[in-house]
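Structure first, then comments.
The values are calculated or read from the model by the stated rules, or taken from the named source; none is laboratory data. The structure displayed is predicted, hence computed values, not measured ones. As a convention, Cβ positions derive from the backbone with ideal geometry for all residues, glycine included, and neighbour counts pool all protein chains shown. Heads up: the accessible areas ignore ligands, DNA and RNA and are worked out on the full protein's heavy atoms, side chains in. Shrake-Rupley method; radii C 1.70, N 1.55, O 1.52, S 1.80 Å.
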Amino acid sequence: MLCLTCVSLTDRLFMNAELTNQTVIVVGGTSGMGLAIARLAISRGASVTVASRSPDKVVAVASELGAVGVPLDTTDEASVREFFAAVGPLDHLVVTGSSVRTGTLKDAPLEDGEFTFRSKFFGPYLCAKYAQMKPTGSITFFSGILSRRPGHNDAVLAGVNAAVEAMGRALARDLAPVRVNTVSPGMTRGTSAYLSMPEAAREGMYTSIASNLPVGRVGTADDIAAATLMLMTNGFITGVTLDVDGGGVLV
């Protein structure tokens, strides 16, 4: 008999989370959260394909992980269609990658908002449309805490995140028995979102936000990966938005 007190918390968490002989596609899998998800899925036995717009990153990360790497522009429908036709049937699809343009309501051009929706909403939409999912498989989208806790000048970002969450719920019905869920990360270090900030300013931001969170710290890409793998492997979860934000929606 297995003694649970002798097993680490991480091992207990993933005791039923093996992905041996399963095919996993991680769109946006060359950096940040997507890279952490790809790495964790491989450690659990999955055959992983990482995809992103940058051919150089795809080649480098695929070589590092021992994965397959394929360039993919999710804003180009033909590219998405051809990608999934080549991939064939798959067990799990995770779409983390997107690009956004921000600005104020009065000053930002409409094209910036349209670009953001094209990338963050219609990109995942096209992936779900063309992916050849096995009936026991799962799709995981990514939104963000701004859907419920927008800051200043976040109208477009709040709207697109909420739209992704609504799409996840709708597709959980439309694509059943394939399961569809959404991860809503809070502030997470180790992503590209804030790399343009000076390091001191970025660390100051993390410290300030952490001081207000119930868990007392900001997230990591590995936190997000663990939550994503749970949604991928738990066959009784579909149509949910999982907040992985250290309690950010509470404060």
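Miscellaneous remarks
- Matching residues, the stretch 27-66, being in contact with a His (Cβ under 9 Å, 6 or more places away or on another chain) and not in a helix (DSSP H, G or I): A46
- Any hit, the stretch 3-22, residues being modelled with pLDDT of 95 or more, in a strand (DSSP E or B) and polar (S, T, N, Q): no
- Candidates are the residues of the stretch 124-174 that are of a type in the set (D, E) and in contact with a helix residue (DSSP H, G or I) (Cβ under 7 Å, 6 or more places away or on another chain); the one that is surrounded by the most Cβ atoms within 10 Å (Cβ to Cβ) is E165.
- Taking first residues from the stretch 225-251 that are under 14 Å from R44 (Cα atoms) and at pLDDT 95 or above and partners that are surrounded by fewer than 19 Cβ atoms within 10 Å (Cβ to Cβ) and basic (K, R), the Cβ contacts under 9 Å between residues at least 6 apart in sequence or on separate chains come to L229/R44; T233/R44.
- Residue that is nearest to G168 (Cα to Cα), among those in the stretch 77-98 that are assigned to a loop (DSSP other than H, G, I, E, B) and touching a Gly at 6+ places or on another chain (Cβ under 9 Å): T96
- Scanning the stretch 43-84 for residues that are touching a helix residue (DSSP H, G or I) at 6+ places or on another chain (Cβ under 8 Å) and open to solvent by 50 Å² or more (accessible area, probe 1.4 Å) yields G66, V68, P71, D73, E77, R81.
- Residue count, the stretch 179-204 (criterion: in a helix (DSSP H, G or I) and either among the aromatic types (F, W, Y) or closer than 21 Å to S98 by Cβ (or both)): 1
- When F121 is tested against (1) farther than 16 Å from M232 by Cα; (2) surrounded by fewer than 20 Cβ atoms within 10 Å (Cβ to Cβ); (3) not polar (S, T, N, Q), just one condition goes unmet, and that condition is (2).
- Single match in T238, T233 (criterion: touching a His at 6+ places or on another chain (Cβ under 9 Å), surrounded by 18 or more Cβ atoms within 10 Å (Cβ to Cβ) and not aliphatic (A, V, I, L, M)): T233
- The condition of being among the charged types (D, E, K, R), closer than 19 Å to A162 by Cα and free of Cβ contacts under 8 Å to residues at least 12 places away in the same chain holds for E114.
- Residue among P135, P150 that is within 23 Å of T233 (Cα to Cα) and without any contact (Cβ under 8 Å) to a residue 60 or more places away in the chain: P135
- Taken as a whole, the condition of being open to solvent by less than 40 Å² (accessible area, probe 1.4 Å) and of a type in the set (D, E, K, R) applies to R179.
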